[in-house]
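Read-outs: derived from the displayed coordinates by stated rules, not from any lab. Just so we're clear, the structure is a prediction, and the values are computed from it rather than from any experiment. Cβ placement follows ideal geometry from the backbone for every residue including glycine, while neighbour counts extend to all protein chains displayed.
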């Protein structure tokens, strides 16, 4: 079924292929798909760690500002813990990125 939404078309093709190769799908498959597509909505997270607690651990491990990482979801932040870590670490590793880019073959 074609729609005017490219992402929906991809999802429909994926579901059709899934049904074609793995039907009948076992009970609970819908819940698994929702957890895959929307991990931020999963209340039963692995290791029972939410972002605030994970931010605290990562700040200790990486030696960066705990305050900055714990406020990853504030208005002046990116809203993504991973992006906040990248913003904090990118300046420290910029020298290595330049050196590595010379090694890339086009």
The exposure ranking of 27, 54, fewest beta-carbon neighbours within 10 Å first, is 27, 54
At R0 = 22 Å, FRET efficiency that the Cβ-Cβ distance of residue 75 and residue 49 yields, to 0.05: 0.40
Potential extension, residue 11-residue 30 segment - 0.36 nm per residue separation minus Cα distance: 5.5 nm
May I ask you to compute the full-extension gain from residue 89 to residue 21, defined as 0.36 nm times their residue separation minus their alpha-carbon distance, rounded to one decimal in nm? 20.2 nm
What nm value, rounded to one decimal, do you get for the distance between residue 68 and residue 4 when each label is placed 7 Å out toward the C-beta? 4.4
